[in-house]
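A quick write-up on the structure given underneath.
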Amino acid sequence: MRFSHLLEGGIALAAAHGATATGSGSGSGSGSFTPASTIKTDALAVAALANLAAYSVTNPNPSSCNMLNAAKRREWSTLSSSQRIAYTNAIKCLMSKPSHLSPTLVPGAKTRYDDFLAVHINQTLSIHGTANFLSWHRLFTWAFEQALRNECAYDGYQPYWNWGKTAFDPAGSPVFDGSATSMSGNGAFVPHNCTNGLPTGLNCIPPGNGGGCVTSGPFVDYTVNMGPIAPTLAAPGVVPASSLFAYNPRCLRRDITSWVSSNWTKDIDSFELITQYNDILSFQNRMQGDFAAGYYGVHTAGHFTMAGDPGGDLFASPGDPAFWLHHGQIDRTWWMWQNYLSPKTRTSALGGRSRSTTRRRAGTGRWMIF
């Protein structure tokens, strides 16, 4: 039940957000941002919660977890300023603690935060385009949440970023407006070429107003220690790591634009994903993107809304702290799909293949240690 994302009681009143976003996208934190409506997926979330509640009556959880005491994850914009700062401070706390991994096997992991980045790098080819994509990232996000709570005294739960609210103006949104209560904003402008967001090379994301180091917000002084392994930002100064776990210190770069988000992260995109793809295999494949057709899907589109380095790197994307809000929403979207029709059949639904790699794993048998 810890993943149920129990929703705020007022979610059904989402019609209050019915206006299309018209913010400036300047990333100035000026307060001009207007969220787009998410009424369609909000209604699905209400239905999912009601179905889960009914199912729980006849199928109670054998543990002490129940609908009343389950953890509640909240959307970033619904958090107070102090709650947002508490979250980013907890992340910075992890960034200040030493790594738990072997410096011989993972020389680039200098901090506790880096441990999560290293785990993702190590597992990348076995957790994307695979049957365990959703479940692995659910565990990964939960483990990060637990580290924040147990190691850095964070008293909240992992927030999520509802992409539909920010689809038309991500840079002006509370997530990326660059204020002290954001996840930091855009990078400084650096002339650069398009970003090749899809592995097929069929799409070229037009260069935005960033590309350089982030200039404001809580992570302005953050040092990314590993990656990029598969960089997509074609900007001067982006140097690939010499090996998977090499130490490669640099700033956090972003190139936030609405080109991707306005095409693939609108509320209707998530609504159609949840309601039109009725088996788990087609659902997770559509979510991750139909690359041959030039379709990003909400997963890939979320990553390339922020783009940059390491946000646009399949391997090292958790190096951008906004990764966790994005995957909080990925998990919420799966939760809605699992519960809005049939919790009994969909909660345990699996489909697809799991690939393993021959890459040597770091650690001593505890590589999934978080």
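Looking at 292, 307, just one residue is surrounded by fewer than 24 Cβ atoms within 10 Å (Cβ to Cβ) and either among the aliphatic types (A, V, I, L, M) or within 28 Å of residue 346 (Cβ to Cβ) (or both), and that residue is 292.
In segment 176-208, what residues are at pLDDT 95 or above and over 23 Å from residue 162 (Cα atoms)?
Across segment 176-208, the qualifying residues are 188, 189, 190.
Residue pairs whose Cβ atoms lie under 9 Å apart, separated by 6 or more positions or on different chains, with the first residue in segment 68-93 and farther than 20 Å from residue 165 by Cα and the second basic (Lys, Arg) and in a loop (DSSP other than H, G, I, E, B), are 70/2; 71/2. Farther than 21 Å from residue 99 by Cα, at pLDDT 95 or above and not in a loop (DSSP other than H, G, I, E, B): is that true of residue 212 in this structure? Yes; evaluated as a whole, the condition is true for this residue. Only one of the listed residues (249, 206, 240) is in contact (Cβ under 8 Å) with a residue 12 or more places away in the chain and touching a Cys at 6+ places or on another chain (Cβ under 7 Å). That residue is 206. For segment 277-287, a residue qualifies if it is surrounded by fewer than 20 Cβ atoms within 10 Å (Cβ to Cβ) and of a type outside the set (A, V, I, L, M), and the qualifying residues are 277, 278, 279, 282, 285, 286.
Please list, ordered by residue number, the helices (runs of 4 or more DSSP H) wholly in segment 230-305 having 2 or more residues that are among the aliphatic types (A, V, I, L, M) and at pLDDT 95 or above.
Details: elements: 258-264, 267-276, 280-288.
Once the helices (runs of 4 or more DSSP H) in segment 230-305 are filtered for at least 2 residues that are among the aliphatic types (A, V, I, L, M) and at pLDDT 95 or above, what remains is 267-276, 280-288.
Residue 314 meets each of the listed conditions (1) of a type outside the set (Phe, Trp, Tyr); (2) in a helix (DSSP H, G or I); (3) within 13 Å of the chain's Cα centre (by Cα); (4) surrounded by fewer than 24 Cβ atoms within 10 Å (Cβ to Cβ) apart from (2). The residues of segment 95-126 that are within 18 Å of residue 310 (Cα to Cα) and either among the hydrophobic types (A, V, I, L, M, F, W, C) or modelled with pLDDT under 95 (or both), listed by number, are 95, 106, 109, 116, 117, 118, 119, 121, 125.
The values are calculated or read from the model by the stated rules, or taken from the named source; none is laboratory data. For clarity, every value in this text was computed on a predicted model and none was experimentally measured. Note that each Cβ is placed from the backbone with ideal geometry, even for glycine, and that neighbours are counted across all protein chains shown.
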